[in-house]
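Participant: What follows is a single structure, and I will ask about it in a moment.
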């Protein structure tokens, strides 16, 4: 396949006004404009989106899976960081 | 067992809807032939999407043609039971897919016409045709953008992609004159404000094509000789093969559903 020479892009779709763009997958495209078109063709076929972002996959800085212990495990026993010790008045409704 | 072909009583408006419906169905079918074979997965999906848009347009136009004819011919009968000589599509849309460049150039030539055409048809005196045009215009606007962006990259790409793109432009050029043809049946509708005179869209089409070819570093052919005949049912050798594939199931098992 020709994809060896074609950059990879990450696709983010915003479904409705006011909601955040969410990562929904990746694709190959030669440049930004073609990536946007391909994202539209692949990821919005069923009315999923009102806005698309595409980002070169190479521009994503990712954490190293080997650092998992150092980065994420120390939070496991900090239950006081969860807002579960407050009583929410009923009038506030869904938060 | 084989099904008998139907003949349609082609009043001007029925003929009009069949012509545009046949353009959409035949081009949509051609694009569907790429499914599973496109140069990359992303494009496999894109071509199938565009094909489905076009087949959707064909369904609306056939349904309307059948209603106006009033002889009980629904969209399926009109698609599956007319012979090649009764198909009224442009010769351009029945041309084989060829390589990817041929498919993209064919799509550009058609979409650069269809987009302004449907936009103008939104003001048709016929409410149904105006509604079909409003839906089709949004679709064809994207088809035009998709084909333009691809041709720019093919033309202004590698030596090989440039050569193939120019070959496709040269090979398909003589099928573009038919886009702007009219005949007596259509002139009647134009006078009534039901149809748009395609000749009035010539300058728009020229400007779009010139802009894209220029950006793609491709040359516009200067040949003025044009093929014609599709609107009257005189087709190239390719349409019969396409219809054989499109129609064989309904012809062999009449009324088959699944």
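Participant: Can you give the Rg to Rh ratio of chain A, both from alpha-carbon atoms, with Rh computed by the Kirkwood formula?
Facilitator: Over the Cα atoms of chain A, Rg/Rh equals 1.16.
Participant: What Kirkwood Rh does the protein assembly as shown have if only Cα atoms enter the pairwise 1/r average? Answer in Å.
Facilitator: 23.0 Å
Participant: I would also like to ask the following. Rounded to two decimals, what is the ratio between the C-alpha radius of gyration of the stretch B:1-104 and 2.2 N^0.38 Å?
Facilitator: Against the empirical 2.2 N^0.38 Å value, I get 1.15 for the stretch B:1-104.
Participant: Report, as an integer, the average count of C-beta atoms from other chains found within 10 Å of each Cβ along A:39-45.
Facilitator: Other-chain Cβ atoms within 10 Å of each residue's Cβ, averaged: 4.
Participant: Arrange the peptides B:237-248, B:137-148 so that the one whose residues have, on average, the most other Cβ atoms within 10 Å appears first.
Facilitator: Ranking the peptides B:237-248, B:137-148 by packing returns B:137-148, B:237-248.
Participant: Working from Cα positions, state the angle (0 to 90°, nearest 10) between the long axis of helix B:202-215 and the longest principal axis of chain B.
Facilitator: 40 degrees
Participant: Still on this structure, please answer the following. If you wrap a convex hull around the alpha carbons of chain B, what volume per residue comes out, as a whole number of Å³?
Facilitator: Expressed per residue, the convex hull around the Cα atoms of chain B is 124 Å³.
Participant: Please report, to two decimal places, log10 I(q)/I(0) for the stretch B:151-258 at q = 0.10, 0.18, 0.23 Å⁻¹ as given by the Debye formula with identical point scatterers on the Cα atoms and no solvent.
Facilitator: The calculated log intensity ratios at q = 0.10, 0.18, 0.23 Å⁻¹ are -0.49, -1.00, -1.17.
Participant: Let me ask another. For the peptides B:44-54, B:13-23, B:224-234, what is the packing order when you average, over each peptide's residues, the other Cβ atoms within 10 Å and list the highest mean first?
Facilitator: B:13-23, B:44-54, B:224-234
Participant: Tell me the angle of helix A:32-43 to the major Cα principal axis of chain A, expressed in degrees between 0 and 90 and rounded to the nearest ten.
Facilitator: For helix A:32-43, the angle is close to 70 degrees.
Read-outs throughout are calculated quantities, based only on the coordinates presented, and are distinct from any laboratory measurement. Since the model is a prediction, treat every value here as computed from it, not as a measurement. Positions of Cβ are backbone-derived with ideal geometry, glycine not excepted, and every protein chain shown enters the neighbour counts.
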